[in-house]
Amino acid sequence: MLRERAPEAGPTTDLMRKAYARWAPVYDVVYDKLTEPAARAAVQAAVAHGPRVLEAGVGTGLSLGYYPRDSFVCGVDLSEDMLKRAGRKVARRGLSHVKGLQVMDVCRLGYKDASFDAVVAQFLITLVPDPEAALTEFLRVVRPGGGIVLANHFGQSNGPVARVEEIVAPLCTKIGWSSDFKATRIEAWARRNGVEVVGLAPTFPGGFFKILRMRKPG
């Protein structure tokens, strides 16, 4: 299923790798309970398309235990430090449905076309250097009729909250977050590529996170 990967991306990717190396030791403590409802909803939406799922930006593997045991899950992440922690979770909990964890740039996935029923990316797409390139890779590795599921905070389109989000965006980026990335950017990519946007649903806490579901033509 693997193919040869293109070279790593440039300085922006390197900065993200370093940022998550710093985050890795405390990531679970900070994000586990906060993100669990959204992560569970994203996993449920992904496996509805079938058992073969790629989790892009799997991080420390917080959501790997949410998949059905008869699924076939591969996880990729830019951070080797995060993946080491994910691997320990898999071994400790006996998560036999997790078939592989690999260091990989989501903008240059090392998988053949149509390898998965779905790709799920949680709290990732707003932070990658080229979100459209990542989405195009997700589309490539998903089978016709398969799904792309994104769990994320998406900024408000307009109004006073949108302005605040845009002001604090540079600070949020430095701590590994994004405040002003809007779902309309992803929806525009979907229209250009003939991808169906199935829905955008709010989730915990108070709709701050949302689940964006898309379906590949086929």
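The values are calculated or read from the model by the stated rules, or taken from the named source; none is laboratory data. Values in this document were obtained by computation on a predicted structure and should not be read as measured data. Heads up, the Cβs are rebuilt from the backbone with ideal geometry, glycines too, and the neighbour counts pull from every protein chain shown. Side chains are part of the model used for accessible areas, which takes the heavy atoms of the whole protein and leaves out ligands, DNA and RNA. Shrake-Rupley method; radii C 1.70, N 1.55, O 1.52, S 1.80 Å.
The rows are residues; the columns are (1) open to solvent by less than 50 Å² (accessible area, probe 1.4 Å); (2) over 13 Å from the mean Cα position of the chain (by Cα).
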residue	(1), (2)
R52	no, yes
G59	yes, no
G65	yes, yes
H97	yes, yes
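Does the stretch 69-77 include one or more residues that are open to solvent by 20 Å² or more (accessible area, probe 1.4 Å), over 22 Å from L109 (Cα atoms) and part of a helix (DSSP H, G or I)? No, every residue in the stretch 69-77 fails to be open to solvent by 20 Å² or more (accessible area, probe 1.4 Å), over 22 Å from L109 (Cα atoms) and part of a helix (DSSP H, G or I).
Contact map, the stretch 52-68: residues that are of a type in the set (D, E, K, R) paired with residues that are crowded, with 21+ Cβ neighbours inside 10 Å, Cβ distance under 6 Å, separation 6+ or inter-chain. Pairs shown: R52/F116; R52/D117; E55/G75; E55/V120. Could you tell me whether E36 is at pLDDT below 95 and open to solvent by 50 Å² or more (accessible area, probe 1.4 Å)? So E36 fails the test.
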